[in-house]
1. Subtract the Cα-Cα distance of Val18 and Cys137 from 0.36 nm times their separation in residues, and report this length gain in nm to one decimal.
2. Indicate the gyration tensor shape class of the range 166-211 (rounded, prolate or oblate), computed on the Cα atoms with a ≥ b ≥ c the square roots of the eigenvalues: a/c under 1.5 is rounded; otherwise a/b larger than b/c is prolate and the rest oblate.
3. Show that you can apply the helix-only estimate: for the chain, add -39,500 (n - 2.57) for every DSSP H stretch of four or more residues, divide by all residues, and state [θ] at 222 nm to the nearest 500.
4. Taking the inverse of the average 1/r across all pairs of different Cα atoms in the chain, what Kirkwood radius in Å do you get?
5. State which entries of Lys9/Lys195; Lys7/Lys176; Lys2/Lys176 exceed 30 angstrom in Cα-Cα distance in the structure shown.
6. So what J values fall out for the range 15-29 if you push phi through Karplus, 6.51 cos²θ - 1.76 cosθ + 1.60 with θ = phi - 60°, rounded to Hz, Gly and Pro as x?
7. Report the local net charge at Ser75: Lys and Arg +1, Asp and Glu -1, summed over other residues whose C-beta lies under 13 Å from its C-beta.
8. Any chance you could run the full-extension gain for Leu130 through Thr94? It's 0.36 nm times the residue separation minus the Cα-Cα distance, nm to one decimal.
Amino acid sequence: YKTVLYKKKNVLLATALVFLFCVQLYVGMATQHTPDYDYGNVLWGAATFATEGGGFSEAFLGSYSAYFHRYPNNSCLLLLLQFLFRGLHALGFTDVRQAAVIGGHLCFTLAVFFTFRYLDKAFGSGPALLSLLLTLCFLPVYFHSSVAYTDTYSIWVPPALLYITLIAQRVTPTHKKLLLWCLFGFILALGVEIKSTVAITAIAILLQCIL
């Protein structure tokens, strides 16, 4: 059975990712929680930014400028969400809350994907498949993805950084190694801008490389 499981690991991964995303989507659409305070300011601020004239519009400055001056750490997510909303508005999709929730589901699903890939490359198929089982055991944790806030949108970054580091250390061609480290830097910068605690991952990776 072990051999069969290992051969089917990519199929199992794809099945688990689809299942995880669908369960998150069902819960997110069923609960329809009301965005409040931090989450509400970021979500509705991004919607106003995207649809009512940008960050210098009276609608945005009057309702949200004070909040983002007090909490500038949420500015990156504000910009990311407003880009998402602008693109979707251009396609005729106007439900910003639903769009933000689906974006959170995708981020959680990406986190599971990169965790699996890292474990598979670093330790083999067994630990990688075990991570999928553990993911399903802790499924209620992933319902947090319905809250499109900094924790949700940055959760995929640490496992992605670990995976990219591992690949960069193993590739031989210099140009590929350079591209991977540039990608590492970009994702790290993006992750830290969304959630500053992502920097802890970079410190851990640096220590691992030194030691």
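Any read-out appearing in this document is the output of simple, stated calculations on the displayed coordinates, not a laboratory observation. Every value quoted in this text rests on a predicted model; they were computed, and no experiment measured them. Positions of Cβ are backbone-derived with ideal geometry, glycine not excepted, and every protein chain shown enters the neighbour counts.
1. 41.3 nm is the gain from fully extending Val18 to Cys137.
2. Note, shape of the range 166-211 comes out oblate.
3. -26000 deg cm²/dmol
4. Computed over Cα pairs of the chain, the Kirkwood hydrodynamic radius comes out at 18.8 Å.
5. From Lys9/Lys195; Lys7/Lys176; Lys2/Lys176, over 30 Å: Lys9/Lys195; Lys2/Lys176.
6. Once θ is set to phi - 60°, the couplings for the range 15-29 become 5, 5, 5, 5, 4, 4, 5, 5, 5, 4, 5, 4, 5, x, 6 Hz.
7. 0
8. 9.0 nm
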